[in-house]
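K.L.:
This structure is in structure tokens; I'll ask about it shortly.
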Amino acid sequence: MTEFVDLINSIDLKNSECLNSEPNQEITNILKEDEDTNFITSDTDEQLLVNIQFKQKVRVHSIIVRAEGDGTGPQMMKVFQNQFSFGFEEAQSLKPTHKFKLIKRAITEGKLIRFKMVRFSNVGSLHLFFENNLGGGKVTKIKQITVVGVPLETANISKIQSVEEKK
Amino acid sequence: MVLEACVILIDNSSYSRNGDFAPNRFLSQIDSISFIAGSKIQQNRVNTVGILSMSGRRPDLVLAPTNDVGQVLIATNKIQIEGKIDLISSIEIAQLSLKHRSNKEHAQRIVMFVASPLEEKKEDLEKIGSQLRKASISIDVINFGETERNEEKLSALIDNANSGDNCHLLSVPTSTGIILADQIQGSGIFSSSSGGMGGGYESGFGGGGYAGGMVDPNVDPELAMVLQMSLEEERQRQSRLQQENNNNNNEKEGNEEKQEEKKMDLEETEESSQNSNKNENNETKEEPDMFSQLEGLTEEEQMELIMKMSLEEMGNEELEQLGIPNEEEETEKEKDPEVQNALQDEDLVDSILLSLPGVDPENEEITETINNIKKESNDEEKDKEKKNEND
């Protein structure tokens, strides 16, 4: 049984983005290790769309979403994978691979939200659509998102050795 | 230098046949588009510009975003004037086109020309403004031709789409002789933070009256450099001449020249002449008097006082040689010292400028800017004086 790891090193931060966040906020606020100091706050309305691009294909086991318990935490989370140019229109019209209704305890205590791994066995990009929040207000805030899984085996170039020809 | 993908929405409805913007609204848009595209691609060669026509059977993406200005110009020729604009669909199609841009690192922008009276509801425009904001697309709207009727709706659109001042509404009222492209250029919404090279060149020498008297280095870097060189040369020369002066030098460059030097000294470097007087002559006792006196005087009177003091240094012999003409000059100058100074200054500056290639000293602009420089340096020296007095 392979060990599952925090896939933070597999995330391609440059090509990941968060839509409808406030202007000067960056995706690194929630994807990088320095948790809790920086948030992502929603801007125009309460929806947030997080597009995570991976450097290589991965298998996703679970996810941890951390937020405050004051009602600004997200409630409905729809998960899509391997989409190209994913925006709010697609998020609302396409069928998600997974749909989760988050509860307060899960987000304040950072509990693992299990995915069905068979469905997420070959993920190049993960798209999280937070449709509304727990309090019903206009602002949704997320502290940290951690993706847990295992990167798929790719060619390990350092292990390539020349083999002597056998006569 | 922002990396940007831009789609320009052109109003090719029948309303743009109107000739209130010469030659007609449609052609003035084409004109402006070539300026906008040129300026964006000049700012960054990787920037892309696309064109979408808003009216007709349906909005049509005439040109997908490209960084080739030539293609932009060719594409504008293919557009026909017909029908009425469909604003909401046009923005949505532009949004799609930007979403599928080749380089995801480009910021997304829409530039929209509106020259027909809008039939869309204000709420719909507000909705699409929020949609653009959610997708982090910034929008610039150029409202012309039907400005009053559309003003309210378009400002609602911009307000909803604006996040951190990235969206602008440019309303160009109809009046005779207005060229749309010039108005756009002048507004500066398409210039980069450095001032906009393309716009700067076309406004030409008019840019000479920049704040502070110096020529904006972006507008004309050569002239700015020339002026700076001549300034430095002049200052060096003056400090050299002061030292000669105060050392009671026997090198006689002639009456007028010496007077000129003094005038230059007085006007441009009051403080340094004070200092050199202090250091190199027997005026140390008079220092406190000098300073206390100077504080209370105006510039003219200060100059007169310094004049008298430097004349005293010169000694009797030299005074004889300078003699009567000196006094005459002095009285003239007392009557009108500033004018005299200005004139003589000009001669010297002209001579310096003549020695530099490619500069016409009689050019009004140059003399104007030089005068501004003089005023500026005068102010500087007054400040220096005050600082010195405080020391």
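Bear in mind these aren't lab numbers, they're just calculated from the coordinates by the rules spelled out. Since we're looking at a predicted model, the values are computed, not measured. No Cβ is skipped: glycine too gets one built from the backbone with ideal geometry, and neighbour counts run over all protein chains shown.
K.L.:
For the pair B:Glu151 and A:Asp70, how long in nm is the line joining their label points, each one 7 Å along Cα→Cβ?
P.N.:
Each label point is offset 7 Å from its Cα along the Cβ direction, giving 4.1 nm.
K.L.:
Per the Kirkwood definition applied to all pairs of different Cα atoms, how many angstroms is the hydrodynamic radius of region B:1-152?
P.N.:
The answer is 15.4 Å.
K.L.:
If amide hydrogens are placed 1.01 Å from N in the peptide plane, which non-local residues have theirs closer than 5 Å to the one on B:Asn12?
P.N.:
Long-range HN contacts for B:Asn12: B:Met54, B:Ser55.
K.L.:
Kirkwood Rh over alpha-carbon pairs of chain A, then Stokes-Einstein at 10 °C and 1.306 mPa s: what D in µm² s⁻¹, rounded to an integer?
P.N.:
Using the Kirkwood radius from Cα pairs, D works out to 95 µm²/s.
K.L.:
Also, quick follow-up: Take the Cα gyration tensor of region A:1-63, multiply each eigenvalue by 5, square-root it, and list the three semi-axes largest first, rounded to whole angstrom.
P.N.:
For region A:1-63, the ellipsoid semi-axes come out as 24, 12, 11 Å.
K.L.:
Need the full-extension length gain, A:Asp12 to A:Gln56, defined as separation in residues times 0.36 nm minus the C-alpha distance. One decimal, nm.
P.N.:
Values: separation 44, 0.36 × 44 = 15.84 nm, distance 0.87 nm.
Net length gain for the segment: 15.0 nm.
K.L.:
Within region B:7-31, list the residues whose amide N lies under 15 Å from a label point set 7 Å along Cα→Cβ of B:Ile189.
P.N.:
B:7-11, B:29
K.L.:
Still on this structure: Give the span of region B:88-155's Cα atoms along each principal axis, as three whole-Å numbers ordered largest to smallest.
P.N.:
Projected onto the principal axes, the Cα atoms of region B:88-155 cover 38, 21, 17 Å.
K.L.:
In the structure displayed, which of A:Lys78/A:Lys141; B:Lys127/B:Lys153; B:Lys99/B:Lys134; A:Lys57/B:Lys134 lie more than 20 Å apart, Cα to Cα?
P.N.:
Values: A:Lys78/A:Lys141 16 Å; B:Lys127/B:Lys153 12 Å; B:Lys99/B:Lys134 12 Å; A:Lys57/B:Lys134 29 Å.
Where the Cα-Cα span goes over 20 Å, the pairs concerned are A:Lys57/B:Lys134.
K.L.:
Give the calculated FRET efficiency between B:Ser14 and B:Ser175 to the nearest 0.05, with a Förster radius of 22 Å applied to their Cβ-Cβ distance.
P.N.:
Plugging the Cβ-Cβ distance into 1/(1 + (r/R0)^6) gives 0.45.
K.L.:
In a Gaussian network model over chain A where Cα atoms closer than 10 Å are linked, find which of A:Gln47, A:Gln92, A:Gln75 has the largest mean-square fluctuation.
P.N.:
Most flexible of the set in this elastic network: A:Gln92.
K.L.:
Strictly over 27 Å apart at the Cα level, which of A:Lys32/A:Lys95; A:Lys32/A:Lys99; A:Lys116/A:Lys143 would you flag in this model?
P.N.:
Over 27 Å Cα-Cα: A:Lys32/A:Lys95.
K.L.:
Oh, and also: Cα gyration tensor of region A:37-119, axes a ≥ b ≥ c as square roots of the eigenvalues: rounded (a/c below 1.5), prolate (a/b > b/c) or oblate?
P.N.:
oblate
K.L.:
At a 10 Å Cβ-Cβ cut-off, how would you order B:Met1, A:Met76, fewest neighbours first?
P.N.:
Fewest to most other Cβ atoms nearby, the residues stand as B:Met1, A:Met76.
K.L.:
For a footprinting-style exposure proxy, rank A:Phe120, A:Phe84, B:Phe35 by other Cβ within 10 Å, fewest first.
P.N.:
A:Phe84, B:Phe35, A:Phe120
K.L.:
Give me the one-decimal nm value for the distance between modelled label points at B:Leu3 and A:Lys104, 7 Å along each residue's Cα-to-Cβ direction.
P.N.:
About 4.3 nm, to one decimal.
K.L.:
With a 10 Å cut-off between alpha carbons and a GNM built on chain A, which of A:Asn24, A:Asn82, A:Asn38 moves the most?
P.N.:
A:Asn24
K.L.:
Run through region B:1-58 and list the trypsin sites (Lys or Arg not before Pro) located in a DSSP loop whose Cβ has at most 15 other Cβ atoms within 10 Å.
P.N.:
Filter output for region B:1-58: B:Arg45, B:Arg57.
K.L.:
Can you work out ³J(HN,Hα) from phi for every residue in region A:10-20, in order, using Karplus 6.51 cos²θ - 1.76 cosθ + 1.60 and θ = phi - 60°, giving whole Hz and x for Gly and Pro?
P.N.:
Listing the rounded values in order: 8, 7, 8, 5, 5, 9, 9, 8, 10, 8, 6 Hz.
K.L.:
Rank these for me by crowding, B:Val7, B:Val2, going from fewest to most other beta carbons within 10 Å. Can you show the working numbers first?
P.N.:
Numbers: B:Val7 29, B:Val2 13.
Going from sparsest to densest Cβ surroundings: B:Val2, B:Val7.
K.L.:
Sticking with this structure for a sec: For region B:50-132, take N as its residue count and report Rg(C-alpha) divided by 2.2 N^0.38 Å.
P.N.:
Details: Rg = 13.4 Å, N = 83, 2.2 N^0.38 = 11.8 Å.
Dividing the Cα radius of gyration by 2.2 N^0.38 Å gives 1.14.
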